[in-house]
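Contents: one structure, followed by commentary.
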């Protein structure tokens, strides 16, 4: 779980600074964009499921929303790609870790060969979405306290995505014990991401 009091204080400091807020919004936009691109890559070339198309479209819209908000702050400096290292590391290691875990389950005969790739996609997406909702809820509180824009609509869409992912995982045989194992792995990776974010905020 996210440490709410720490993140609330951090996000208060971020929102109070146009430069920090620009970087935070750009980070969220990049996170949503990577998620949308992952979904798009997962879609078949022909006859995709409408629910998957809707999910991809909404994630792209979330990326557009955050990046547009960043632009509205009028901060002239743009973030070079190397400044996203904390985000890239979190997503890359999460993707690799889930893939290893699902492959190992497949090798043990716990996951059918025909669905292991789908499970990789669904587990990574679920872990990222759960973490994003936790952060968005705290961020929304900070924004509301300052009379800024709302994230309620976005949080509702992310919650809808999670319900759809849970239905698919249930259909494919995703177990609660396996999910707890993946949560522990994601939690360790998130601590590193959290440390990086807190460090660049404190250094400002």
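The values are calculated or read from the model by the stated rules, or taken from the named source; none is laboratory data. Note that the structure is a prediction, hence the values are computed from the model and not measured. No Cβ is skipped: glycine too gets one built from the backbone with ideal geometry, and neighbour counts run over all protein chains shown.
I'd like to know if region 96-119 contains one or more residues that are under 18 Å from residue 31 (Cβ atoms) and within 13 Å of the chain's Cα centre (by Cα). No, that holds for no residue.
Is it fair to say residue 122 is under 16 Å from residue 90 (Cα atoms) and either at pLDDT 95 or above or surrounded by 16 or more Cβ atoms within 10 Å (Cβ to Cβ) (or both)? When the stated conditions are applied, residue 122 does not pass them.
Taking region 1-82 and the helices (runs of 4 or more DSSP H) fully enclosed by it, no element has 2 or more residues that are touching a strand residue (DSSP E or B) at 6+ places or on another chain (Cβ under 6 Å), at pLDDT below 90 and closer than 25 Å to residue 122 by Cα.
Suppose the filter is surrounded by 15 or more Cβ atoms within 10 Å (Cβ to Cβ) and in contact (Cβ under 8 Å) with a residue 12 or more places away in the chain; does residue 97 pass it? In short, yes.
Residue 155 passes every criterion in (1) over 18 Å from residue 25 (Cβ atoms); (2) touching a helix residue (DSSP H, G or I) at 6+ places or on another chain (Cβ under 6 Å); (3) surrounded by fewer than 18 Cβ atoms within 10 Å (Cβ to Cβ); (4) at pLDDT 90 or above apart from (1). Of all the numbered requirements in (1) touching a helix residue (DSSP H, G or I) at 6+ places or on another chain (Cβ under 7 Å); (2) under 16 Å from residue 145 (Cα atoms); (3) surrounded by fewer than 20 Cβ atoms within 10 Å (Cβ to Cβ), residue 9 misses one, and that requirement is (1).
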